[in-house]
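S.K.: The structure that follows is given in the form of structure tokens.
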Amino acid sequence: MATVRIPDEQRTLTDRDEVTRYLATLGIDYERWPDNERVREDASVEEVLAAYAPEIERLKQQGGYVTADVIDVNPGTPGLDVMLAKFNREHWHDEDEVRFIIAGNGLFHIHTQAGPVLAIEVEAGDLIRVPRGTLHWFNLCGDRRIRAIRLFQDTAGWTPHYTESQVDEGFLPVCFGVSHLPYQQP
Ligand SMILES: [Fe+2]
């Protein structure tokens, strides 16, 4: 279940309906997909995509997504810090950012047009769709682990446009889930 924090307003949302409604006001879709025992955490990419085929097909039809893949990182992933350095600076895409979390945790920061920055902490079973053009950045949590299905409208895949605003530097990449370790600089 995702948690939403709005530091400027000192608000934290943890109720599923409240999170869903609040994110919808920003054009961000949030869903919970039943994931219990559907695939093993170490299932192959093909097995994962097959297990979630009904939901993936629904999203493809709704959002015009043409490809799906599985991103899988853990503390042992070669080049992990170089990869994370691409995600953790404020950027936008010309297409939606759609992620369904299979394992691990992650922290999206969204820089809303109205001003406030919010942090969305996601975990297994969470589907999030951030509309194209939305300013955002992403960090792992202390476990430095995430496995997620990604959907793309463009077969070229993940293409960021960086703002270089440095707004991201004003927000600590800290997750608050009970099972999370404190973030440590590598
Ligand atoms: Fe992104």
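The values are calculated or read from the model by the stated rules, or taken from the named source; none is laboratory data. For clarity, every value in this text was computed on a predicted model and none was experimentally measured. FYI the Cβ positions are ideal-geometry reconstructions off the backbone, even for glycines, and counts take in every protein chain you see. Accessible surface is based on the protein model in full, side chains and every heavy atom, while ligands, DNA and RNA are left aside. Shrake-Rupley method; radii C 1.70, N 1.55, O 1.52, S 1.80 Å.
S.K.: In the range 1-130, carbon and sulfur make up what percent of the accessible area (probe 1.4 Å)?
M.R.: 48
S.K.: Which value in nm describes the separation of the simple spin-label points at residue 53 and residue 85, placed 7 Å from the Cα toward the beta carbon?
M.R.: Placing both labels 7 Å beyond Cα along the Cβ direction yields 4.1 nm.
S.K.: Shifting gears a bit: How far apart, in nm, are the 7 Å Cα→Cβ label points at residue 17 and residue 158?
M.R.: Roughly 3.5 nm, to one decimal.
S.K.: What is the range 59-99 by shape, rounded, prolate or oblate, if you read a ≥ b ≥ c off the alpha carbon gyration tensor as root eigenvalues and call it rounded for a/c under 1.5, prolate for a/b larger than b/c, and oblate otherwise? The partial results should precede the final answer.
M.R.: Numbers: a/c = 3.93, a/b = 1.69, b/c = 2.33.
Taking the square roots of the gyration eigenvalues as a ≥ b ≥ c, the range 59-99 is oblate.
S.K.: Step by step: find N for the range 80-178, compute 2.2 N^0.38 Å, then divide the Cα radius of gyration by it. What's the final number?
M.R.: Ratio of Cα Rg to 2.2 N^0.38 Å: 1.01.
S.K.: Just how large is the dipole of the range 102-168 about the Cα centre, in debye to the nearest 20, putting +1 at every Lys and Arg Cβ and -1 at every Asp and Glu Cβ?
M.R.: Its charge dipole is roughly 200 debye.
S.K.: Ok, one more. Taking the Cα centre of the chain as origin, sum charge times position over the Cβ atoms of Lys and Arg (+1) and Asp and Glu (-1), and report the length of that vector in debye to the nearest 20.
M.R.: For this selection, approximately 80 debye.
S.K.: For the range 38-186, what does the relative contact order come out to in percent, with C-alpha contacts under 8 Å and a separation of six or more? Mind dumping the intermediate values first?
M.R.: Details: 283 pairs, mean separation 44.7, N = 149.
Once normalised by length, the contact order is 30 percent.
S.K.: Same structure again: Suppose all protein chains stay in the model; what accessible area per residue would a 1.4 Å probe give for the range 80-147, in Å²?
M.R.: So the range 80-147 comes to 30 Å² accessible per residue, rounded to a whole number.
S.K.: At 1.4 Å probe size, put 92, 158 in order of accessible surface, largest to smallest.
M.R.: 92, 158
S.K.: Let me ask you something else. Sorted by packing (mean other beta-carbon atoms within 10 Å per residue), highest first, where do 160-170, 112-122 land?
M.R.: By packing density, highest mean first, the sequence is 112-122, 160-170.
S.K.: Would you grab the residues whose amide H sits under 5 Å from the one on residue 95? Only those 5+ places off in sequence or on another chain, please, with H modelled 1.01 Å from N.
M.R.: 133
S.K.: Can you work out the Karplus-derived ³J(HN,Hα) for every residue in the range 141-149? Use 6.51 cos²θ - 1.76 cosθ + 1.60 with θ = phi - 60°, whole Hz, and x for glycine or proline.
M.R.: Using θ = phi - 60°, the values come out as 8, x, 6, 6, 9, 7, 10, 8, 7 Hz.
S.K.: Taking the Cα centre of the range 1-70 as origin, work out the dipole magnitude from +1 charges on Lys and Arg Cβ and -1 charges on Asp and Glu Cβ, in debye rounded to 20.
M.R.: So the magnitude is around 220 debye.
S.K.: Would you please classify the overall shape of the range 6-93 from the alpha carbon gyration tensor, given that a ≥ b ≥ c denote the square roots of the eigenvalues, rounded means a/c under 1.5, and beyond that prolate means a/b larger than b/c while oblate covers the rest?
M.R.: Working: a/c = 1.64, a/b = 1.16, b/c = 1.41.
Because a/c hits 1.5 or more and a/b fails to exceed b/c, the range 6-93 counts as oblate.
S.K.: For residue 165 and residue 132 in one chain, what is 0.36 nm times their gap in residues minus the Cα-Cα distance, to one decimal in nm?
M.R.: Details: separation 33, 0.36 × 33 = 11.88 nm, distance 1.82 nm.
Length gained between residue 165 and residue 132: 10.1 nm.
S.K.: If you don't mind, there's one more thing I want to ask. Rounded to the nearest angstrom and ordered from largest down, what semi-axes does the equivalent ellipsoid of the chain get from its C-alpha gyration tensor (root of 5λ)?
M.R.: Equivalent-ellipsoid dimensions as semi-axes: 23, 19, 18 Å.
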